[in-house]
Amino acid sequence: MLEIKFVRQNFQKVVDALSKRGDSAKLNEFIKYDENRRNILLEVENLKNKRNVVSGRIAEMKKKGENTEDLILEMREVSKTIKSLDADLSESEGVVNDLLMSIPNIPHPSVPEGKNERDNELVKKEGVIPDFDFEAKAHWDIGEDLKILDFERAAKITGARFPLYFGAGARLERALINFMLDIHTTEHGYKEVLPPFIVNRQSMIHTGQLPKFEEDLFKLEGWDYFLIPTAEVPVTNIHQGEILDESDLPVYFTAYTPCFRSEAGSYGKDTRGLIRQHQFNKVELVKLVTPESSYDELEKLLANAEEILKRLGLAYQVVTLCAGDLGFSSAKTYDIEVWMPAQNTYREISSCSNFESFQARRTSIRFRKKGVKGSELVHTLNGSGLAVGRTLAAILENYQQADGCVIIPEALRPYMGGMEKIES
RNA sequence: GGAGAGGUGGCCGAGCCGGCUGAAGGCGCUCGCCUGCUAAGCGAGUGUGUGGGGAAACUUGCACCGAGGGUUCGAAUCCCUCCCUCUCCGCCA
C-alpha cells in the first residue's frame, strides 16, 4: 500500500508508474472519493469537537448543580448528526481504502521498462551448462524411471499438480531443505523459523496477496483462513504491529514451508513434472531492514540465494524483472533462473524482491531510531532460497547420466548418508 | 468440550461505582545538568494514525485502552457479539 498522502500529492507520478506496469487502475475515482472523504471528515470533526467541549461543560455545570437540560437536548441532536455523518464517512473511507489497497507498488527507478517477461533485463549468467552426448531426458521421465517420482499415483490421491516422492527422491527433497537451511543459518546469518502454514485474511492483506488475488489462494472452507502460497506471508507478519528498535535491525529470517497455490489461469502451462504444482516446498529468506540499506540488502539476499546454486553446481542466470512483469507489492525483483537441459532453457527458481515500505505500511512494522523522535516504517524484502521442487528437478536433469542414473551433487552427499548416485 | 481469570502506551502496571485520564506510578529510552572512570543523582522530554497552521522547532483538531456494535450530552470505564491469552478439568497427536 502506498501512503495516502503520497498518492494525493504525487498523483501524476503514481499514474505514470502504474502505466509503466501496464496497470490502468481507475485512479481518477480516487481523487474524487478522497476529496469527498476529507470534506465529511472536516465537518464531522468539527461537530465532535463541539460535542467534546460541551460535554465537558455539562460535567462542570452538573458539579455546580446548574441546569443542563437545554444543552443535553441540543447535544442529543448533534450526536445524531455525527452518527449519520460517521456512516457516510466510513462508506467513503471504504471506497478510498479499497482503491488504495489495489494500487501496486511503484517500480524503483532502476527497473527496466517493458510489458512482459520478454523485456526482463539479463544481469548475469553463471555456471557451466552441461554438455550431454545423449539426449537429455525431462526430470519427470527421469524421476519416474528411477521410481522416485510418481505423478499418476499422486493424481489418484488428490488430483493433478501434486507431487509424490519415494525413496531417494523423498530423501533428496529433504536433503535439499536441510542443506539450504543450514547454509542460510550458519553462513548467511539468518534465524530459522517454522511458521504456521495456514494464515488469516489480515496476514494475506498485509503482504499483498489480498484483496486482489484471492483466486490464487486455497481457502479453508468454514474459516477465514488460507493455505500459505509462500512463507513470505507468515514470516513477514511475525512482527506485525510492532515498533522495533533500530538495533534489532536488520532482521533475517529463513523458513522452510510447503507452499500452496491454486495456479488459476495457468491451465495449459507446465502440466508435467515438478515445475508448477499446487503444493511445493520452498526455503524462504525474509528481511526487515532500514530504508537506507534495503537495496544493498537486496543484493546480499540475491547473493545468498545464488550461493545455493553455486554449491550445487547448477548453471543459472539472473534477470531484473521489467516494470510490466513486477509483482504487485514489489518495487524491484531479481529472478534467478536455473538451466533445465531437457527444456533447453532457464526456468525461474528464485525471486528476490525489495518491497520497500509497501508491505510494512500495511503490516505496520516500524522502528525507532536512536535520538530521533517518532518511528519509521521498515523495508521488507524476501526471496526464495530456493524453490525446493524445482531445484530437485534441476538436479535430476543436470546430473543425469547416459545410463539413466543421477549423480548426487557433492554438497548434498552428507545429507544423503553418503549416497553418490540414484539408480534404479 | 466444561469451569474460571484476563487483554491498557516501547515494556511492566494503576484506573474499570461513566465526565480535566491519552491515560497515575515504575522501568526503559532521549536530551540537559552534575559527578575526575563506572554507578548513582537531579531536571525535561518520550505512542500511533489522520486533518489544519508554520520555512522549521513547534502548535492545534479528531480518532485510537484486543476487534466490532450498543446505551449516554459524555465510555478505557456500563451492555451485547466476536477474537486472543492464561489457569484448572476432560479428550487427544
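If I take R0 = 51 Å and measure r between the Cβ atoms of residue A:372 and residue A:219 in this structure, what FRET efficiency does the formula 1/(1 + (r/R0)^6) give, to the nearest 0.05?
0.75
Explain nothing, just the number: relative contact order of region A:217-297, from Cα pairs under 8 Å at least 6 residues apart, as a whole percent.
35
Please report the equivalent ellipsoid semi-axes of chain A, computed as sqrt(5 x eigenvalue) of the Cα gyration tensor, largest first, in whole Å.
With the √(5λ) rule applied to chain A, the semi-axes are 52, 22, 21 Å.
Which order do peptides A:5-14, A:332-341, A:34-43, A:55-64 fall in by mean Cβ count within 10 Å, highest first? Numbers along the way, then the final one.
On the way: A:5-14: 13.7, A:332-341: 24.0, A:34-43: 15.5, A:55-64: 11.1.
Output ranking for A:5-14, A:332-341, A:34-43, A:55-64: A:332-341, A:34-43, A:5-14, A:55-64.
Given a 1.4 Å probe and heavy atoms of the protein chains only, how would you sort A:350, A:262, largest accessible area at the top?
Numbers: A:350 0, A:262 25 Å².
Heavy-atom accessible area, descending, gives A:262, A:350.
On a 18 Å Cα-Cα criterion, which of the cross-link pairs A:287/A:332; A:191/A:370; A:147/A:269; A:124/A:287; A:50/A:83 come out too long? Each step should come with its number before you reach the end.
Details: A:287/A:332 15 Å; A:191/A:370 24 Å; A:147/A:269 24 Å; A:124/A:287 24 Å; A:50/A:83 14 Å.
A:191/A:370; A:147/A:269; A:124/A:287, as the Cα separations exceed 18 Å there.
Rank-order A:175-188, A:276-289, A:317-330 by packing density, defined as the average count of other C-beta atoms within 10 Å over each peptide's residues, highest first. Walk me through the numbers before you get to the answer.
Working: A:175-188: 18.6, A:276-289: 23.7, A:317-330: 21.0.
The most tightly packed comes first, giving A:276-289, A:317-330, A:175-188.
Give the Rg (one decimal place) followed by the Dmax (whole number) of region A:152-301, computed from C-alpha coordinates and expressed in Å.
17.1, 52
Projecting each Cα onto the charge dipole of region A:346-424 (Lys/Arg +1, Asp/Glu -1 at the beta carbon, about the Cα centre), which of A:393, A:405, A:422 comes out farthest on the positive side?
So the residue we want is A:393.
Using unit Cβ charges (K, R positive; D, E negative) and no other charged atoms, how large, in debye to the nearest 20, is the dipole of region A:63-145 about its Cα centre?
Dipole magnitude for region A:63-145 comes out near 560 debye.
Given springs between every Cα pair under 10 Å in a Gaussian network model of chain A, which of A:370, A:20, A:191 has the largest fluctuation?
A:370
Full extension from residue A:296 to residue A:67: what is 0.36 nm times the residue separation minus their Cα-Cα distance, to one decimal in nm? If you can, show how the numbers build up before the last one.
Numbers: separation 229, 0.36 × 229 = 82.44 nm, distance 6.80 nm.
Answer, rounded to one decimal: 75.6 nm.
Over chain A, calculate the relative contact order: mean separation of alpha carbon pairs under 8 Å at least 6 apart, over the residue count, as a percent.
20
Tell me which aspartates and glutamates have Cα within less than 18 Å of residue A:32's Cα, excluding those fewer than 8 residues away on the same chain?
Hits, sequence-local ones excluded: A:3, A:43, A:88, A:91, A:93, A:98.
Which aspartates and glutamates, on any chain, are close to residue A:137 with Cα under 15 Å apart, when same-chain ones fewer than 8 places away are left out?
A:145, A:397, A:403, A:423
At 37 °C and 0.692 mPa s, grab the translational diffusion coefficient of region A:1-81 from Stokes-Einstein with a Kirkwood Rh over Cα pairs, rounded to a whole number in µm² per second.
The diffusion coefficient I find is 203 µm²/s.
Hand me the GluC sites (Glu not before Pro) from region A:68-152 located in a DSSP loop with no more than 14 other Cβ atoms within 10 Å, in residue order please.
Filter output for region A:68-152: A:113, A:135.
Using the Cα centre as the reference, give the magnitude of the dipole from point charges on the C-beta atoms of region A:272-341 (Lys, Arg: +1; Asp, Glu: -1; all else neutral), rounded to the nearest 20 debye.
Magnitude of the dipole: close to 380 debye.
What do you get when you divide the Cα radius of gyration of region A:1-136 by 2.2 N^0.38 Å, with N the number of residues? Display every interim value, and only then the final one.
Values: Rg = 27.8 Å, N = 136, 2.2 N^0.38 = 14.2 Å.
Taking N as the residue count of region A:1-136, the ratio is 1.95.
Hey, what did region A:141-212 get for relative contact order, percent, Cα under 8 Å, at least 6 apart? Please list the in-between numbers first.
On the way: 39 pairs, mean separation 12.4, N = 72.
Relative contact order, region A:141-212: 17 percent.
Sorted by accessible area (1.4 Å probe), largest first, how do A:357, A:294, A:424 line up?
Heavy-atom accessible area, descending, gives A:424, A:357, A:294.
What FRET efficiency comes out for residue A:191 versus residue A:54 if R0 is 41 angstrom and r is the Cβ-Cβ distance? Round to the nearest 0.05.
Given R0 = 41 Å and the Cβ-Cβ separation, E is 0.15.
Let me know the charge dipole size of chain A about its Cα centre in debye, to the nearest 20, where only the beta-carbon of Lys, Arg (+1) and Asp, Glu (-1) is charged.
1240
Please identify, among A:53, A:406, A:78, the residue showing maximal mean-square fluctuation in a Gaussian network model of chain A using a 10 angstrom Cα cutoff.
Judging by the Gaussian network model, the answer is A:53.
Going toward the positive end of the dipole of chain A, with +1 on Lys and Arg Cβ and -1 on Asp and Glu Cβ, which of A:273, A:186, A:134 do you reach last?
Checked the options; the winner is A:186.
Using the heavy atoms of the protein chains and a 1.4 angstrom probe, tell me the accessible area per residue for chain A in square angstrom.
48
The values are calculated or read from the model by the stated rules, or taken from the named source; none is laboratory data. These numbers come from a predicted model, not from an experiment. So basically every Cβ, Gly included, is an ideal-geometry build from the backbone, and we count neighbours across all protein chains shown. The protein model used for the area step is the full one, side chains on, heavy atoms only, and it has no ligands, DNA or RNA in it. Shrake-Rupley method; radii C 1.70, N 1.55, O 1.52, S 1.80 Å.
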